[in-house]
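Structure first, commentary second.
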Amino acid sequence: MNANATGPELDEQKGLANLVKGLFSMYRNPAAHEPRLHRTVTDEELLELLTTLSMVHRRLDGAHLTP
């Protein structure tokens, strides 16, 4: 995402990682962890999730490795 050379750049990377962890935690197999078999997920919620995931993928596509 960036050169990871300064504090703000590192914070940006940590923030994106926390966003991805949060999304995963929110939608990971809830039926196996809590009996919410009939949880309703609206179309609007799914569109918001896909929009956020698209942004994450776009940021990762532009990432480069630094030695």
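Multiplying the residue separation of Leu50 and Asn2 by 0.36 nm and removing their Cα-Cα distance gives an extension gain of 14.9 nm.
Within the shell defined by Cβ-Cβ distances under 13 Å, the residues around Asn4 carry a net charge of -2, with Lys and Arg each +1 and Asp and Glu each -1.
Using a simple spin-label model with pseudo-atoms 7 Å out from Cα toward Cβ, Leu16 and Asp61 lie 1.3 nm apart.
Every number in this text was worked out from the coordinates using simple rules, so none of it is lab data. If you're wondering where the values come from, they're calculated on a predicted model, not measured in any experiment. Every residue, glycine as well, gets a Cβ built from its backbone with ideal geometry; the counts of neighbours run over all protein chains shown.
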